[in-house]
Each structure stands twice: as structure tokens, then as C-alpha cells.
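Just below is one structure, and these are the notes that go with it.
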Amino acid sequence: MKKAALLSIAVLGLTACSQGVQTMTDRSASPCGDKPNCVSTQDNREKYQLAPFSLTADANIDSIEQAALTLAGAKTAVKESGYLRVECTSKIMRFVDDLELKIEGDKLLVRSESRVGYSDFGVNRKRADELRERLKESGLIK
């Protein structure tokens with residue numbers, strides 16, 4: 001009986017981690033913390049840094065959203081004028097990473113960070129690289 005109760009609590013705890021966050025501040029312009037589970041165009045440290053994303057004249061938040069939603073496990077969480085937060089959920093463990101995208105002039109600020117855990121094993125950098133390719137293919141970045 002105790003084992004079943006503990007198992008139920010553990011399962012509920014794990015599924016709670018995969019739920020969307022309703023309120024989260026815009027962190028797109030913030031550098032990453034000290035854990036290796038984040039990458040950003042706004043961080044100047046080599047292991048966290050992403051090369052700039054230079055937008056073309058055709059880019060807008062709607063077309064960027066369309067490209068971002070082709071990434072694995074992606075769904076729109078917040079969409080505002082010039083800002084987009086996409087939640088990317090892993091298939092097996094249902095971990096959620098936040099991909100934040102913000103248009104500033106002719107640049108796209110990109111920040112991808114895991115919500116839980118110390119290391120992401122390179123998942124966020126891979127996602128940012130995939131996004132860059134999708135945006136290039138769509139003619140949205142140079």
C-alpha cells in the first residue's frame with residue numbers, strides 16, 4: 001500500500017514538471033546562469049554563447065513562430081508583439097525547455113534553457129542550431 005502511494009506521488013511530481021508555466025518573465029535579453037543547461041545570443045561566455053541571428057526584411061514574429069513550431073516537442077506558450085516563448089517538451093522524460101525569441105531591430109534574440117536539471121547534454125544548443133537552419137531555409141535570417 002505504501003509503495004503504491006509513493007509511486008503515485010512520484011508520478012504526479014514528474015508530470016507536474018511537464019506542465020506549462022503560465023507566468024514567466026521575458027528573459028530573452030538575459031545571459032545564462034552558471035549551469036550548463038542554457039544558450040543565448042546575449043551571453044558572451046563561449047560555452048553559453050550563440051552567434052547572432054540577423055533577420056531579413058521578410059521576418060516577423062508570425063513567420064518565426066511557424067519555423068520554431070517545426071522543432072521537436074514545440075508548442076507556443078506566449079506570443080506578444082515581437083516576443084515568443086515556445087515550450088519544447090522531450091519525448092521520454094517530458095522535460096520542458098523554454099525557447100525565447102525576441103525581435104530587436106534587425107536581430108533575433110534567442111535563449112533556450114532547461115527548466116530542471118544541471119546539464120542539458122547539449123540539447124539547447126542543438127535546438128538553437130536547428131532553429132537557425134529552419135530560419136535560413138525559410139529566408140528569415142541571413
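Of all the numbered requirements in (1) at positive phi; (2) touching a Ser or Thr at 6+ places or on another chain (Cβ under 9 Å), G122 misses one, and that requirement is (2).
Against the numbered list (1) at pLDDT 95 or above; (2) out of contact with any strand residue (DSSP E or B) (no Cβ under 6 Å at 6 or more places or on another chain); (3) exposed (fewer than 14 other Cβ atoms within 10 Å of the Cβ), I92 comes up short only at (1). Inspection of region 43-52 identifies no residue that is touching a residue at least 24 places away in the same chain (Cβ under 8 Å), of a type in the set (D, E, K, R) and surrounded by 12 or more Cβ atoms within 10 Å (Cβ to Cβ). Here E130 clears all of (1) on the phi < 0 side of the Ramachandran plot; (2) over 13 Å from the mean Cα position of the chain (by Cα) except the condition numbered (2).
Might you check whether a residue that is basic (K, R) and touching a Gly at 6+ places or on another chain (Cβ under 9 Å) occurs anywhere in region 70-83? Looking for residues that are basic (K, R) and touching a Gly at 6+ places or on another chain (Cβ under 9 Å), one finds at least one in region 70-83, hence yes.
The values are calculated or read from the model by the stated rules, or taken from the named source; none is laboratory data. These numbers come from a predicted model, not from an experiment. For neighbour counting, all protein chains shown are included, and Cβ atoms are generated from backbone atoms with ideal geometry for every residue, glycine included.
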